[in-house]
Amino acid sequence: MQAIVDGFFAPLGATAQAHIRDLGDGRGIGVREDEPVILVSVVKLFIAWEFRRQVEEGLVDPAAPVRTTAADRLGGTGTAGFRYDSHISVWDLAALMMEVSDNSAADLVTARIGASSLRSLPARLGLKGTRLIGPPRTILEDVARDLDVSDLQALAHVLSAGAVTTAELRATSAWDPARTNVSTCADLTAFMRHIWNGPEPIAGDLRTWTGRQLTGGRLSRLAPSEVQVFGRSGSLPGWLNEVAVWEWPDGRRHAIAVSAQPAERNFREVELAMSRTALALTEAMGR
């Protein structure tokens, strides 16, 4: 399997890790599946699970209104890019976090569930290769410190002005698996199995949100039309991730995780290689 996967990525100057797991019996196949991979926005999947668990246990009121202000905006989609202050329920923030990868919503939901609860989640689920530090704001604050920038507003200015080189950015904690949110492809497929086989209605809501992702679809580009796809993706320059579940008409359900590290700006080609990898993994599972 490794030769097949490497054959997809090596001509593109990229490397990759991958894993597939049958959601029924748990068996899996992987390539470098235990190597650490940076989560980026895939961390929102963990935030969503912990949020939904706390709602079910009565620890969080899903209808509680949250005021979003300029101080919360990180830029990007959803509330992160709002022009004006607004009031929105914490439940709808969780949906925006998952469906349009809203970074500010991820911060606000994490504030409700508690960062310590998020950090303890991998140990509670037995995910030994996963370490969660915090939501997007935490990671960006670490980058600002690494670059000796005063705050996130100043960081945004520095980045928009192109005052930091790619090499300088990649030397910061956000690109270092030892200093940021990290997992492995094997852990990610195990987590998806936990979600799919987990208690209802918690698992059902996570399936709904992953089925509505609007910012990913890397693994499903070559998926057969009859396959139902769910997922959560994450990106940094030099890191492309996605974890997904493919449900087949015959009842098979596969969790697939692929992480790729392109060395060039050939992201579309690398994303296509990620989808080829997903197909190859499903074919290997079917043998």
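Taking a quarter of the surface of the Cα convex hull of the range 215-287, what do you get in nm²? Show your work: numbers first, answer last.
Values: hull surface 18.6 nm².
Mean projected area for the range 215-287: 4.7 nm², to one decimal.
Remind me, relative contact order of the chain in percent, using alpha carbon pairs under 8 angstrom and six or more residues apart?
Values: 524 pairs, mean separation 75.6, N = 287.
The value is 26 percent.
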Please check: in the Gaussian network model of the chain (C-alpha springs, under 10 Å), which one of 33, 50, 200 has the largest mean-square fluctuation. 200
Taking alpha-carbon centroids only, the range 82-104 lies from the range 205-245 a number of Å equal to 19 Å
Using a Gaussian network model of the chain whose springs link C-alpha atoms within less than 10 Å, name the residue from 92, 22, 148 with the highest mean-square fluctuation. 148
What is the extension gain from residue 173 to residue 22, computed as 0.36 nm multiplied by their sequence separation minus the C-alpha to C-alpha distance, in nm to one decimal? 51.0 nm
Scoring the range 73-188 by relative contact order with C-alpha pairs under 8 Å, at least six apart, yields a percentage of 21 percent
For the range 1-45, I need the span (max minus min coordinate) of the C-alpha atoms along each principal axis, in Å, sorted largest to smallest. 34, 26, 14
Build a GNM of the chain with springs between Cα atoms under 10 Å: which of 89, 259, 225 gets the top mean-square fluctuation? 225
Compute the length gained on full extension between residue 154 and residue 111: take 0.36 nm times their separation in residues and subtract their Cα-Cα distance, giving the result in nm to one decimal. 13.2 nm
Debye-sum result for the range 79-162 in log10 I(q)/I(0), which assumes one identical scatterer on each alpha carbon, at q = 0.11, 0.15, 0.19 Å⁻¹: -0.38, -0.69, -0.99
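Based only on Cα atoms, what mean projected area does the convex hull of the chain have, in nm²?
Details: hull surface 58.4 nm².
That works out to 14.6 nm², a quarter of the Cα hull's surface.
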Evaluate the charge dipole of the range 171-287 about its Cα centre and quote only its size in Debye, nearest 20, assuming +1 on the Cβ of each Lys and Arg and -1 on the Cβ of each Asp and Glu. 80 debye
Residue-wise HN-Hα coupling along the range 145-162, computed from phi with Karplus coefficients 6.51, -1.76, 1.60 (Hz; x: Gly, Pro): 5, 4, 8, 6, 9, 5, 7, 6, 5, 5, 5, 4, 5, 4, 5, 5, 7, x
Please give the charge dipole size of the chain, origin at the Cα centre, charges +1 on K and R Cβ atoms and -1 on D and E Cβ atoms. Round to the nearest 20 debye. 220 debye
Positive end of the charge dipole of the range 126-179 (Lys, Arg +1 and Asp, Glu -1 on Cβ, about the Cα centre): tell me which of 162, 138, 127 has its Cα farthest that way. 127
Dipole of the range 33-105, positive direction: furthest Cα of 74, 96, 58, with charges on the beta-carbon: 74
Taking the dipole of the range 180-243 about the Cα centre (Lys, Arg +1; Asp, Glu -1; charges at Cβ), the one of 219, 195, 237 that reaches farthest to the positive side is 237
Which whole-number percent is the relative contact order of the range 1-124 (Cα, under 8 Å, 6+ apart)? 20 percent
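Which of the chymotrypsin sites (Phe, Trp or Tyr not before Pro) found in the range 53-146 are loop residues per DSSP with 11 or fewer other Cβ atoms within 10 Å of their Cβ? Can you show the working numbers first?
Details: sites: 82, 84, 91; in loops: 82, 84.
Hits after loop and neighbour filter: 84.
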Taking just the alpha-carbon atoms of the range 1-118, what radius of gyration and Dmax come out, in angstrom? 18.4, 52
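A short reminder: the numbers here are calculations on the coordinates, not readings from a lab. From a predicted model like this one, the values you see are computed outputs, not experimental measurements. FYI the Cβ positions are ideal-geometry reconstructions off the backbone, even for glycines, and counts take in every protein chain you see.
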